[in-house]
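Worksheet: one structure, shown below.
Nothing in this text is a laboratory measurement; each read-out follows from the coordinates by a stated rule. Computed from a prediction, not measured in an experiment: that's the story for all the values here. Positions of Cβ are backbone-derived with ideal geometry, glycine not excepted, and every protein chain shown enters the neighbour counts.
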Amino acid sequence: MAHQNYYLDFCADAYIVNDGAVLLRLHEKYNIWIVPGGHVDPGEDINEAVLREVWEEVGIKPELVGPSSWMHQTFQDNKDLVPPLFINRHSI
């Protein structure tokens, strides 16, 4: 659900690819085929949100994969977020 009290409402989509095919789901409200995804809840980071949305919408737990040049690092409790491949800002 959209967070109406915020100036910006962040969303994340997941392109789940397996053997050259991309997973789509039929959106129940808009009746169109789209990739799984949705709104980032307060207190979530973008990676947590997209994993949660995929689980809620299609019942799988994917592995997030960043660009081939990306170097993942973990230092104590700090983890790098998987960088998005694309960012868009638009009004609704």
Item checked: Where labels lie 7 Å past Cα in the beta-carbon direction, separation of LEU24 and VAL82 in nm -> 2.2
Next item on the list: Could you list which residues have their amide H under 5 Å from that of CYS11, counting only those 5 or more apart in sequence or on another chain, with H placed in the peptide plane?
Entry: VAL40
Notebook entry, point to check: Around LYS61, what is the net charge, scoring Lys/Arg as +1 and Asp/Glu as -1 over all other residues with Cβ under 13 Å from its Cβ?
Noted result: -4
Item checked: Where N is the number of residues in the chain, Cα Rg divided by 2.2 N^0.38 Å -> 1.17
